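Chemist: Have a look at the structure that comes next, please.
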Amino acid sequence: NMDRILGNEVNAAIVQTDVLFYRARNEDLSNIKTLFALHPEEVHVITQSVSSIKTGGVVGIGGKNLQLKSVGDLAGQSVAAWGGSVITAQVIRLQSEVAFTVVEVQDFKSAKQALDEGKVAAIVMVGGQPMPDVQTLNSAYKLLPFSEAAIGKLKSVYVPAKLNYSNMGQGGSGVASVATDALYVTRAYKTAKFQDS
């Protein structure tokens, strides 16, 4: 959406706050104006309840399943994301100072496959809850909470949020997260025709 509005392909677009924050680091967005905020979109960090990833051991023997209790435990791991969630994952990585690697995938199906095969430790996706893809998961998966310290580091871009997915059992109930706003933005127009619209 940002590329389309900056490329003069559309007159207005829906863009997330964190995308504007990320793009403004390297681009001049002074011509982009927010008309109004639409709704919050929560960050969902999904992992397996029992990870497929083994740590320790020798040549795969004696290793233990990776233990993930919060987003901070993703340091040194890879996470899958697609679309706008790639930027969300990058902003969270930079702002929270949790050094994970973002692997860009095509969609939820390919992200879940990478998670199930142990190629990534988690999936990062952003959207208003309840998200249909998250509702398809059962208690074999869980949502990773953000610690208070991580939420504090992210407060310049995100607001605190809670996630509730009863289909995931205890691992999906009352999970501390963060949210970004979906914004309706446009360019600052100079012509009378567009200023009056």
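FYI, it's all coordinate maths here, none of it is from the lab. Just so we're clear, the structure is a prediction, and the values are computed from it rather than from any experiment. Because the Cβ atoms are built from the backbone with ideal geometry, glycine has one as well, and the counts that use them run over all protein chains shown.
Chemist: Find all pairs meeting these conditions: Cβ atoms under 6 angstrom apart; at least six residues apart or on different chains; first residue within the stretch 67-78 and hydroxyl-bearing (S, T, Y); second residue not in a loop (DSSP other than H, G, I, E, B).
Modeler: Between residues of the stretch 67-78 that are hydroxyl-bearing (S, T, Y) and residues that are not in a loop (DSSP other than H, G, I, E, B), the close pairs are S78/T101; S78/V103.
Chemist: Now for a separate question. Given K162, K142, which one is under 22 Å from V103 (Cα atoms) and of a type in the set (D, E, K, R)?
Modeler: K142
Chemist: Could you list, in sequence order, all residues of the stretch 152-172 that are among the polar types (S, T, N, Q) and farther than 17 Å from V126 by Cα? Let's see the steps before the verdict.
Modeler: First, the residues of the stretch 152-172 that are among the polar types (S, T, N, Q): 156, 164, 166-167, 170.
Across the stretch 152-172, the qualifying residues are S156, S166, N167, Q170.
Chemist: Given (1) in contact (Cβ under 8 Å) with a residue 40 or more places away in the chain; (2) crowded, with 17+ Cβ neighbours inside 10 Å; (3) hydrophobic (A, V, I, L, M, F, W, C), identify the lone condition not met by A140.
Modeler: (2)
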